[in-house]
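Enquirer: One structure, as structure tokens, below. Some questions next.
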Amino acid sequence: TDNDGSLLESPISNIAFYMEDGTFWVPPFEKTLAGTTVIRCMDFIEKVLIPQGAVKNIVRGYVKIDDVIQGRLNSKPIKVKEIMLLGGDFLIPILKLDGMEITKEPGKIARALQEFLINDKKSWHFLKDSKIINSLKASSI
């Protein structure tokens with residue numbers, strides 16, 4: 001977490017949130033490392049899960065621990081359905097946060113991303129036309 005209470009990352013992975021409104025939230029890379037696993041997952045979401053209607057869109061924003069516990073985000077009621085850690089070619093679903101149950105079992109988005117990571121472990125060709133990778137390259141020049 002940062003000083004504002006935003007959930008950012010673990011020592012070896014990025015954090016991501018799937019909300020009840022269908023949005024997939026990932027903290028901006030301003031305060032975290034641009035992990036290759038979360039980048040690959042965002043690319044998969046853009047190319048597969050959004051067109052399928054499983055995810056509405058990707059939001060690059062901060063989620064505070066209090067927001068998760070109180071079921072609100074930016075002063076609007078919204079429930080976090082899934083929390084996951086993404087790093088090292090793996091995904092860890094977070095079932096409880098600060099003692100509060102988020103979900104009883106890994107959700108549909110976590111399962112879809114886990115399957116993608118297992119099947120795509122050595123297939124970096126998926127990223128060759130990645131808007132996310134290209135934007136990172138442009139911002140680091």
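The values are calculated or read from the model by the stated rules, or taken from the named source; none is laboratory data. Note that this is a predicted model, so its numbers are computed, not measured. Because the Cβ atoms are built from the backbone with ideal geometry, glycine has one as well, and the counts that use them run over all protein chains shown. Surface areas here come from the heavy atoms of the whole protein model, side chains and all, with no ligands, DNA or RNA. Shrake-Rupley method; radii C 1.70, N 1.55, O 1.52, S 1.80 Å.
Enquirer: Rounded to the nearest 0.05, what FRET efficiency do ILE69 and ALA34 have when you use their Cβ-Cβ distance and R0 = 30 Å?
Expert: The calculated FRET efficiency here is 0.60.
Enquirer: Can you sort VAL38, VAL59 by 1.4 Å-probe accessible area, starting with the largest?
Expert: Result, largest first: VAL59, VAL38.
Enquirer: Roughly speaking, to the nearest percent, how much of the range 9-110's 1.4 Å accessible area is carbon and sulfur?
Expert: Whole-percent figure for carbon plus sulfur exposure: 54.
Enquirer: Please give the peptides 44-54, 17-27 ranked by average Cβ packing (other Cβ atoms within 10 Å per residue), highest first, as a rough proxy for protection.
Expert: So the peptides 44-54, 17-27, ranked by packing, come out 17-27, 44-54.
Enquirer: Where the Cα atoms of the range 19-103 are projected onto their three principal axes, how long is each span, largest first, in whole Å?
Expert: On the principal axes, the range 19-103 reaches 31, 27, 25 Å in Cα extent.
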